[in-house]
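Every number here is computed from the coordinates shown, using simple stated rules; none is lab data. Quick caveat: nothing in here was measured; it's all calculated off a predicted structure. Cβ placement follows ideal geometry from the backbone for every residue including glycine, while neighbour counts extend to all protein chains displayed.
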Amino acid sequence: MDKKVVIIPTYNEKENIERIIRKVFLLDGCYHILIIEDGSPDGTGAIVKGLMPEFPDRLFMIERSGKLGLGTAYITGFKWSMEHGYDYIFEMDADFSHNPDDLPLLYKACAEDGADLAIGSRYCNGISVINWPIGRVIMSYFASVYVRTILGMKVYDTTAGFKCYRRKVLEAIDLDKVRMKGYGFQIEMKYSTYKLGFKIKEVPIIFVDRKEGTSKMSSGIFGEAFWGVIKLKLRKIRPKS
């Protein structure tokens, strides 16, 4: 059986973390979970530790000293996942904006349909976002249009954070040279995948804004992505040697 791991970064997710873990473990297909916990003061890490004896071979956690950024969290998770021999490596938020029931759809896109990277896409089938203010929807949608235009990458949801990678993609990308740390990280990883010639497939999902906890979105995140895309366009992307 393919080894599958879902990486979930956390910072102050006590309202969601146990429910999301149990939901993933109810799915068919034996998904494992790796939590990247950035020192949440609300006790998120303690909740995960309390669940680990119940799922000793499926639930893992890396604790970090503070809020070090989304990109570094995922890179830490990618390296751990490859070291532990996983074939398919997923990214997912803790707050149920990504529906765990869609994980098998992303897996199928890679394992059966031939994709190297499957993206849970809010925009490949119109706009599928629930509970966002209209201003945020517009900003997010046109951010993806901007990225697609600048980079020439045929991906509708360029900032999506719900994804499944085949292991070989992450092995080919030099993770130590990934520069963007916030949501720009999601753009950079897709662009690197695209430039290295891997097959990308978007899978339509419905994105529902969090009901519990606090959003980590900020204007600085968009600023990094805006200028970072221009710099990214000028860079040469080469496979890891």
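Some values worked out for this structure:
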{"item": "Kirkwood Rh, Cα atoms: Rg over Rh of the stretch 4-234", "result": "0.93"}
{"item": "Under the Karplus curve 6.51 cos²θ - 1.76 cosθ + 1.60, θ = phi - 60°, whole-Hz ³J(HN,Hα) for the stretch 194-202, x wherever Gly or Pro sits", "result": "5, 5, 7, x, 7, 8, 10, 10, 9"}
{"item": "Most mobile listed residue (202, 188, 15) in the chain, GNM with C-alpha springs under 10 Å", "result": "15"}
{"item": "For the stretch 128-215: Kirkwood Rh in Å [reciprocal of mean 1/r, alpha carbons]", "result": "14.4"}
{"item": "Cα-Cα over 24 Å, subset of 181/233; 108/177; 4/49", "result": "108/177"}
{"item": "Counting DSSP beta bridges with both ends in the chain, the antiparallel % (nearest 5)", "result": "25"}
{"item": "Trypsin sites (Lys or Arg not before Pro) within the stretch 92-171, DSSP loop, no more than 10 other Cβ atoms inside 10 Å", "result": "154"}
{"item": "Equivalent ellipsoid dimensions for the stretch 1-111 as semi-axes, Å, which come from the Cα gyration tensor, largest first", "result": "21, 15, 13"}
{"item": "Centre separation in Å (Cα based) which lies between the stretch 84-98 and the stretch 166-199", "result": "15"}
{"item": "Among 43, 135, 71: highest mean-square fluctuation, GNM of the chain, C-alpha pairs under 10 Å", "result": "135"}
{"item": "Stokes-Einstein D in µm²/s, Kirkwood radius over Cα pairs - the stretch 48-106 at 4 °C with 1.567 mPa s viscosity", "result": "97"}
{"item": "Extension gain, residue 79 back to residue 235 (0.36 nm per residue minus Cα-Cα distance, nm)", "result": "53.8 nm"}
{"item": "Long-range HN-HN contacts of residue 162 with modeled amide H, under 5 Å", "result": "120"}
{"item": "Residue-averaged 222 nm ellipticity for the chain, from DSSP H runs of 4+ at -39500 (n - 2.57), nearest 500", "result": "-11500 deg cm²/dmol"}
